[in-house]
1. Are any residues in segment 273-294 touching a helix residue (DSSP H, G or I) at 6+ places or on another chain (Cβ under 6 Å) and either within 14 Å of Ser244 (Cβ to Cβ) or of a type in the set (Val, Ile, Thr) (or both), and if so, which ones?
2. Considering only segment 254-289, state which residues are open to solvent by less than 10 Å² (accessible area, probe 1.4 Å) and closer than 20 Å to Lys229 by Cβ.
3. Test Ser183 against the stated conditions and say whether it is open to solvent by 20 Å² or more (accessible area, probe 1.4 Å), in contact with a helix residue (DSSP H, G or I) (Cβ under 6 Å, 6 or more places away or on another chain), farther than 25 Å from Gly270 by Cβ and not in a helix (DSSP H, G or I).
4. Going by what's in this entry, would Leu131 be described as in contact with a helix residue (DSSP H, G or I) (Cβ under 7 Å, 6 or more places away or on another chain) and under 23 Å from Asn228 (Cβ atoms)?
5. With the checklist (1) touching a strand residue (DSSP E or B) at 6+ places or on another chain (Cβ under 8 Å); (2) open to solvent by 10 Å² or more (accessible area, probe 1.4 Å) in hand, flag the one item Leu36 doesn't pass.
6. Determine which member of the set Val216, Val247 is among the β-branched types (Val, Ile, Thr), open to solvent by 10 Å² or more (accessible area, probe 1.4 Å) and either under 25 Å from Lys166 (Cα atoms) or at pLDDT below 90 (or both).
7. Can you report the number of residues in segment 186-202 which are hydrophobic (A, V, I, L, M, F, W, C), within 21 Å of Glu142 (Cβ to Cβ) and surrounded by fewer than 22 Cβ atoms within 10 Å (Cβ to Cβ)?
8. Return the only residue of Thr165, Thr154, Thr172 being outside any helix (DSSP H, G or I) and modelled with pLDDT under 95.
Amino acid sequence: CLEQNNCLESLDLTSNKLGVKGSEYLAKGLIPNKKLRSLNLTATLLKDTFWISFTLKRNSSLCHLDLSDNNIGDLGARHLRSGLKKNKNLCCLELNRCGIQWKGAKSLTEGLKANDTLDRLSLSSNNIGSLGASFIAHAIAENINLKSLDISKTNIKNSGSIYITKALRHNTNLCDLNIGWNSTYGSESIDVLANAIEETSSLTALCVQGNKIESVGAARIFRALTSNKSITHLDIMCSEIGESGAVYISNALRSNSKLSRLSLGGNRMGPSGTYLLRRAFNFSKSLRSIDILDKNYRLNES
């Protein structure tokens, strides 16, 4: 059916038990296909990506591929490497919760360095650790084509976040970075992140939620934002900022002219902190959306 398809552009097979044999049949149908642009294979019991990689080397239409919730592991990532090296069309690859560790991260970055089209990669909830983050950082520093990267919940910890944020200084393509829920932030990693914020000119969205940034870290980040001209969306939810952090943030918002969306929920800022932030929001010329204590305040965008 897919071999003769002239109209179908999107196929979602989520939660179907394809397995290895099913992926082989699918691959053979996709190779001559010239129309299908989006393929979702989430939770389809894939444990081997050999046939998926086989397809990527030969298919000329597929732009979006989602393999999330399949336990492909490092071997599956290694197979995808060869497909990425030869593919000239794929723009988005989602590999969330795929059992990938540092060796798999290394394989994927090797594929990325040879790929000119992939601009969105999601690796959320894979245990790549700080070593895996170091390989990704090397790829970022080489200014690969990636514009969006999600490595939230990947256990990269302080050292891994330092690798990633240092690499931002050498990159002019990455626009959207999610490094949320990656264990405690130390003072060194906060300083490195703040320096990267001051120097980056391409990043427009940054998510660091779920990290122990606290009030001092928040103050450092928002001081850096006053000199940043590109970041419009910051997500710093559930970061233990507290009331004192809210004071720093509200003062910094008065001098920031670029930030348009700010997520601060779950930071226990109390009534006084919430009041200060609401006042700062009302005075801000750029801020259009702010999330405080799970309540949303928005300006009318008419």
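The values are calculated or read from the model by the stated rules, or taken from the named source; none is laboratory data. Small disclaimer: the values here were computed from a predicted structure and weren't measured. As a convention, Cβ positions derive from the backbone with ideal geometry for all residues, glycine included, and neighbour counts pool all protein chains shown. Heavy atoms of the whole protein, side chains included, go into the accessibility calculation; ligands, DNA and RNA do not. Shrake-Rupley method; radii C 1.70, N 1.55, O 1.52, S 1.80 Å.
1. Hits for segment 273-294 are Gly273, Leu276, Leu277, Ile290, Ile292.
2. Once the filter is applied, which keeps residues that are open to solvent by less than 10 Å² (accessible area, probe 1.4 Å) and closer than 20 Å to Lys229 by Cβ, segment 254-289 yields Leu259, Leu262, Ala280, Leu287.
3. So Ser183 fits the description; yes.
4. No.
5. Tallying (1) touching a strand residue (DSSP E or B) at 6+ places or on another chain (Cβ under 8 Å); (2) open to solvent by 10 Å² or more (accessible area, probe 1.4 Å), Leu36 fails exactly one: (2).
6. Val216
7. Matching residues across segment 186-202 total 1.
8. Going through Thr165, Thr154, Thr172 in turn, the sole match is Thr172.
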